[in-house]
Structures are given as structure tokens and as C-alpha cells.
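Notes to accompany the following structure.
The values are calculated or read from the model by the stated rules, or taken from the named source; none is laboratory data. What you see is a predicted model; the values in this text were computed from it and never measured. Positions of Cβ are generated from backbone atoms using ideal geometry, with glycine treated the same way; all protein chains shown enter the neighbour counts. Accessible surface areas use protein heavy atoms only, side chains included; no ligands, DNA or RNA. Shrake-Rupley method; radii C 1.70, N 1.55, O 1.52, S 1.80 Å.
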Amino acid sequence: MTLHIAVLVVLLGLFFVLPAYHVGAFSRIMVLAIYAMGYNLLFGYTGLLSLGHAMFFAAGMYGFGLTVNLFGFSVAPAFLTGIIAAAALALIVGYLALRTAGVAFMIVTLMFAQTVYLVILYFGEYTRGDEGFVVQQAQRSFAGIDLTGETERYFAALILFAICFLAVAKLVQMPFGKRLVAIRENEERARMLGYDAAKLKLHALIISGAVSGIAGATYGLLFGYVGASFSTVQYSIFPLLWVLLGGAGTTIGPLIGVIFMFYLIDISSGYTDAYLLIAGVALVLLTLFAPLGLVGTLRKRAFPWLP
Amino acid sequence: MAAVNVLETKGLTKIYGGVEANLDIDFQLRKGQITALIGPNGAGKSTFVGMVSGRTLPTRGTVSFAGKDISHLPAHKRMQLGMAYTFQITSIFPGLSVYDNVDLAAGRKLANDKTALAQKTTQVLDRIGLTDRADQTAQDLSYGHQRILEIAMGLAQDPTVFILDEPTQGLSESEVDDFVTLMKSLAGETTILLIEHNMRVVSETADYITVLDQGQVLASGTPDEIHRNAAVQAAYLGTTSDA
Ligand SMILES: Nc1ncnc2c1ncn2[C@@H]1O[C@H](COP(=O)(O)OP(=O)(O)OP(=O)(O)O)[C@@H](O)[C@H]1O
Ligand SMILES: [Mg+2]
């Protein structure tokens with residue numbers, strides 16, 4: 001717990017020491033880290049590799065953005081709609097996809113996400129498809145605070161990140177979280193200890209989807225843009241990479257993974273056009289030499305107490 | 001004694017392709033006793049307990065537990081009714097500590113009471129002799145200790161019926177002795193169904209023996225009766241020593 005508070009204090013401090021560009025970057029990083037934490041719950045803790053999480057991010061984003069734009073919802077109910085949309089989608093997807101495991105589960109989730117992407121394009125009249133739409137500044141204030149300013153945005157991102165971060169940290173310490181790890185480690189054993197593995201996996205997926213949805217809704221709220229590109233395969237792969245880089249099944253791994261990848265691309269693009277190549281090579285090296293991710297490797301080598 | 005049989009099967013059958021792994025097995029498990037299920041390799045012992053525990057779907061037949069038909073219950077529900085099962089091929093949580101392995105086993109019933117859970121876990125580790133290794137990662141244990149951990153996970157569930165599939169395979173002589181002592185100390189409260197190749201363990205623990213051969217019950221009875229049974233002599237005891 002102290003570690004988690006310390007991480008939040010550092011993030012708070014960064015606001016005061018970082019130059020404006022990096023403050024903006026960290027607003028984005030924290031939102032994406034919420035997404036990574038949602039993904040980590042399913043992948044890192046439960047051991048289920050989804051290739052379709054962008055659909056939950058998108059459900060949160062569109063649940064928020066469409067209700068604001070079409071029905072004139074204010075921020076709070078729109079945000080809530082986003083979370084509910086993501087959780088409901090996860091319930092449906094889970095009900096069907098969890099009949100499969102391993103590679104089949106990857107493929108089924110990929111297919112579902114592709115379907116969601118196509119549905120967004122199909123309803124282009126409302127969603128404006130690939131082009132997306134902007135959530136107006138006037139519609140992005142909460143409790144009288146305009147969330148479009150750099151400072152407000154940073155603190156809104158930090159608060160939402162903190163809530164998710166502490167909630168996930170708590171969750172994985174609870175019996176529920178330990179049972180998810182049991183399923184990851186040996187599902188058949190968990191079942192033969194009397195645990196209802198199917199139900200636990202469904203619950204994990206719903207929570208994972210809801211947290212991803214919070215990230216999507218937050219993104220729409222703080223950056224004022226909603227677009228179909230966020231539901232593409234690329235956005236399903238990102239959280240997998242972040243979590244792998246940072247450390248699957250660790251509480252701070254997702255944040256570390258997002259920071260690392262963000263700056264890897266940011267810095268290498270300053271030197272060369274082939275920055276994706278550099279990023280790719282770095283990823284391969286890391287996977288080879290630190291297969292448990294940055295935090296996972298630290299935990300194994302030096303700090304076994306890391307949560 | 002009332003309610004003599006805790007567990008009963010009727011016509012339990014499993015056919016794999018053309019292989020009759022189990023054929024029409026009528027079986028009763030006597031309450032509070034240790035029943036050994038013996039038979040040569042491939043006799044169908046694991047298949048039988050697999051169907052009893054719900055791991056394996058029977059081709060036909062019924063299983064009842066405490067007088068209730070449980071044939072249609074999935075495995076985890078049967079465990080919740082008070083069964084525990086240890087696998088023939090060691091099945092633990094490899095990446096977790098020994099403590100967490102046992103904690104998860106005890107935690108199904110006790111998760112809401114932290115003190116009781118910690119107490120139970122510590123007590124089981126102590127009883128089985130794994131206290132010194134509580135912090136080790138399960139996959140780093142020796143094979144024998146992994147087997148013992150699996151038995152500990154069964155114990156931690158406080159089962160009414162404890163099913164063990166060849167638990168002593170790979171244990172040293174002294175560990176087998178400890179196992180025999182443990183089984184004897186459990187009998188009475190716990191009903192035990194023990195698949196065993198080691199005849200010393202069988203003769204030292206079993207109150208009752210069922211012999212399976214080629215998917216069918218060849219004989220059932222007290223150790224003495226089994227010993228005197230000519231068919232068993234011919235089919236099994238005469239040809240097998242400690243395996
Ligand atoms: N999943 C399966 N698919 C096909 N055949 C199987 C399967 N499981 C078991 N069998 C067959 O069923 C028969 C009984 O196997 P089982 O494992 O129950 O025997 P066992 O008495 O436990 O043997 P052992 O002492 O070697 O553990 C064997 O002929 C085996 O090959
Ligand atoms: Mg067997």
C-alpha cells in the first residue's frame with residue numbers, strides 16, 4: 001500500500017516539476033495506464049489473453065461520447081453510461097468467448113472486436129466512422145470545472161488513475177484476486193478445490209472490460225475526441241505490449257509499461273523516421289532479456305515483495 | 001452406525017472409443033473408513049475416481065453422495081459438498097508459494113475469516129511437515145515434496161470424503177511412513193478412498209479393499225477376504241509387488 005501511495009505522490013509531484021509538454025504526455029499516459037490495468041487484470045492475473053480489448057475501450061469512449069453528443073447528457077451520467085456499456089459488452093462477450101481457451105479465446109475476442117469496429121463504421125451517421133467526432137469544450141466540464149485546461153486535465157487523469165490503481169491493488173489482494181491467480185496458475189486444480197472457475201473468469205472479464213471502459217470514457221472526456229481508430233486491432237495489441245513490458249500480474253507494471261513505450265517512441269522519433277523500428281528492436285530485446293517485464297524482472301531479481 | 005455408505009455408484013461406466021475403461025461399477029464407500037482401490041495398471045482406477053469427483057463425464061451410471069444423486073453436478077460443486085481430490089499426476093499452483101497453495105485450498109471455506117484461515121494453513125503445513133518450506137515457490141520443490149504439498153491441499157479442505165490417486169508414488173520410505181500415520185489419524189472423521197500400488201501402504205491402512213481389473217470390480221472385502229480370494233490371487237496379487 002505504501003508503494004502505491006508513493007507512486008501517486010510521485011505522479012502528483014511530476015506535475016510541478018515537468019515542463020508543459022511532459023505534463024500533457026503524462027495526462028495521456030495515466031489514462032492509457034488505466035486501460036493497461038484493466039487489461040492486466042484479465043491477462044496478468046487471470047491468465048486469459050484477449051486480442052480484442054479495444055472493444056471495451058471503445059464501448060466506454062462511445063458510451064460517453066454518443067450520449068453527450070446525441071442526448072446532451074452531462075459528464076457524470078455520460079461517463080457512467082460508458083462504464084455500463086463496456087461492462088455489458090464484456091458480459092456478452094464473456095458469456096460466449098469463455099467457452100473457449102488459449103488460442104481460440106484470442107481469436108474469438110479478436111473477432112468480437114472486429115465486429116464492434118464494423119458496427120461503429122456501419123452507424124457512421126452517428127459515430128462519423130473513422131473520422132470520429134469532437135466532444136465540445138462546453139460539454140466537458142464537471143462540477144463547474146472545465147476539464148479542457150492542461151492543469152485540470154492532469155488532475156482529473158490523476159484522480160481517476162488513483163481510484164483505479166488503488167482499487168485494482170486492493171482487488172488482487174482480496175480472496176477474489178487470489179482465486180484469479182489460482183486459475184492462471186492451474187485452472188483444473190482451482191476447479192478441483194471447489195472454485196467455480198467459469199464464473200470467476202466471467203467476473204474477471206467484466207471487471208477488466210469495465211476498467212478498460214473507464215479508460216475509454218476518460219479519454220473521450222479529457223481529450224475531447226471519439227473515433228473508430230480506438231477500436232482497431234492496434235488498440236487491442238497496445239495494452240498487451242504495455243503489460244508485457246511493464247510486468248504482467250504486477251500492480252505497477254501497467255503504468256511502467258505505458259511510460260516506457262510512450263517515451264521509447266517519443267524519443268526515438270526525435271532522431272529518426274524509422275522510430276518504429278527502434279521501438280520494435282527495443283521490445284524484442286526486452287522480451288528476450290526481461291521476459292517478465294520491467295517490474296516482473298525486478299520482483300524476481302531483487303524485490304520479491306512487489307505486489 | 002447409521003448411514004453406512006457416504007458415497008455410492010450404480011452402473012458407472014466409461015467407454016473410450018471401444019475401450020471399456022469402467023464397466024457397470026456398483027460401489028459403496030463406507031463412512032469413516034479407509035477403502036483402498038487397487039488393481040493393475042490400466043485397470044480403470046483413475047477413470048473411476050475421475051467420474052466420482054466429476055472430472056470425467058461418465059458414459060452412463062449414477063453417483064450419489066450422502067444419499068443425494070450428484071451425477072449431474074460439475075466437479076467444483078461436488079468439492080463444495082465436501083469431497084477433496086488429489087491427482088495422480090501432481091497438480092499444484094507451480095508459481096505460488098507453498099503457503100499460498102495451501103491457503104487457496106483452505107480459503108474456499110475460510111476466506112472470510114482471515115484469522116481462521118491463517119490458523120488452518122499454518123496447522124496443515126505443520127501437520128504435513130512443510131512449515132520450513134512455506135515460502136518456497138511450489139515448482140522449486142522436489143518431486144516428493146510436491147506430492148506432499150498436494151496431499152496438504154486436500155487436508156486443508158477438511159473433506160468428508162478424501163480421494164487420493166496414488167499419493168505415495170515417488171515418496172521416500174520415511175515419507176511413506178508419515179503418510180500412513182497421517183491416513184490413520186484422519187480415519188474416523190474422514191472417509192478415505194485411496195488408490196494405491198504400494199501393498200505395504202494398503203495392508204497398513206485399508207479397512208476395506210476393492211479390486212478393479214479391466215474396468216470391472218473383481219472383488220471387494222476386508223483385507224483378509226481379499227487375501228484369500230482366489231481370483232485376486234490369480235489376477236493381481238500373485239503378479240505384482242510394490243510398484
Ligand atoms: N482420456 C482417455 N482417452 C482414452 N483412453 C483412456 C483415457 N483415460 C484412460 N483411458 C484408458 O482407460 C483405461 C483405464 O485407465 P486408467 O487411467 O483409469 O487406469 P488406472 O487403473 O488408473 O491405471 P494406472 O495404475 O496406470 O494409473 C486404460 O486402458 C487407459 O488407456
Ligand atoms: Mg491411474
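Considering only the range B:86-135, state which residues are within 16 Å of ligand 2 (Cβ to nearest atom) and either in contact (Cβ under 8 Å) with a residue 12 or more places away in the chain or of a type in the set (Ser, Thr, Tyr) (or both).
Pass one, the range B:86-135, residues within 16 Å of ligand 2 (Cβ to nearest atom): B:86-91.
If the condition is that a residue be within 16 Å of ligand 2 (Cβ to nearest atom) and either in contact (Cβ under 8 Å) with a residue 12 or more places away in the chain or of a type in the set (Ser, Thr, Tyr) (or both), then B:Thr86, B:Phe87, B:Gln88, B:Thr90, B:Ser91 are the ones that fit.
When only residues in the range B:96-117 that are more than 10 Å from chain A (Cβ to nearest Cβ) and open to solvent by less than 40 Å² (accessible area, probe 1.4 Å) count, which is nearest to the chain's Cα centre (by Cα)? Walk me through how you get there before you give the answer.
Let us first name the residues in the range B:96-117 that are more than 10 Å from chain A (Cβ to nearest Cβ), namely B:98-99, B:102, B:113, B:115-116.
Imposing the further condition that a residue be open to solvent by less than 40 Å² (accessible area, probe 1.4 Å) reduces the set to B:98, B:102, B:116.
On the way: B:Val98: 21, B:Val102: 17, B:Ala116: 25 Å.
That would be B:Val102.
For B:Phe93, only one of the following conditions fails: (1) over 17 Å from B:Gly50 (Cα atoms); (2) within 20 Å of the chain's Cα centre (by Cα); (3) among the hydrophobic types (A, V, I, L, M, F, W, C); (4) part of a helix (DSSP H, G or I). What is its number?
Every listed condition holds for B:Phe93 apart from (4).
Could you say whether any residue in the range B:136-146 is under 16 Å from the mean Cα position of the chain (by Cα), among the aliphatic types (A, V, I, L, M) and more than 16 Å from ligand 2 (Cβ to nearest atom)?
No, because not a single residue in the range B:136-146 is under 16 Å from the mean Cα position of the chain (by Cα), among the aliphatic types (A, V, I, L, M) and more than 16 Å from ligand 2 (Cβ to nearest atom).
Which one of B:Phe65, B:Phe87, B:Phe93 is aromatic (Phe, Trp, Tyr), within 16 Å of ligand 1 (Cβ to nearest atom) and within 14 Å of chain A (Cβ to nearest Cβ)? If you could, list the steps in order and put the result at the bottom.
Values: B:Phe65 fails: within 16 Å of ligand 1 (Cβ to nearest atom); B:Phe93 fails: within 16 Å of ligand 1 (Cβ to nearest atom).
B:Phe87 is the lone residue from the list that is aromatic (Phe, Trp, Tyr), within 16 Å of ligand 1 (Cβ to nearest atom) and within 14 Å of chain A (Cβ to nearest Cβ).
From the residues in the range B:19-52 that are within 10 Å of ligand 2 (Cβ to nearest atom) and part of a helix (DSSP H, G or I), which one is surrounded by the most Cβ atoms within 10 Å (Cβ to Cβ)?
Looking at residues that are within 10 Å of ligand 2 (Cβ to nearest atom) and part of a helix (DSSP H, G or I), I get B:Phe48.
I'd like the full set of residues that are small (Gly, Ala, Ser), modelled with pLDDT under 95 and within 19 Å of A:Ala182 (Cα to Cα), limited to the range B:117-137.
Step one: filter the range B:117-137 for residues small (Gly, Ala, Ser), giving B:118, B:129, B:134.
Those still in the list that are modelled with pLDDT under 95 too: B:129, B:134.
Within the range B:117-137, B:Ala134 is the sole residue that qualifies.
Under 9 Å by Cβ, and 6 or more places apart or on different chains, what pairs join a residue from the range A:62-81 that is open to solvent by 40 Å² or more (accessible area, probe 1.4 Å) with one that is small (Gly, Ala, Ser) and part of a loop (DSSP other than H, G, I, E, B)?
A:Ala76/A:Ala143
Please give the number of the condition B:Ile209 fails out of (1) away from ligand 1 (no atom under 12 Å from the Cβ); (2) out of contact with any Gly (no Cβ under 7 Å at 6 or more places or on another chain).
(2) is the only condition that B:Ile209 fails.
Taking B:Val49 as meeting all but one of (1) over 15 Å from the mean Cα position of the chain (by Cα); (2) hydrophobic (A, V, I, L, M, F, W, C); (3) within 16 Å of ligand 1 (Cβ to nearest atom), write down the number of the exception.
Of (1) over 15 Å from the mean Cα position of the chain (by Cα); (2) hydrophobic (A, V, I, L, M, F, W, C); (3) within 16 Å of ligand 1 (Cβ to nearest atom), only one is false for B:Val49: (1).
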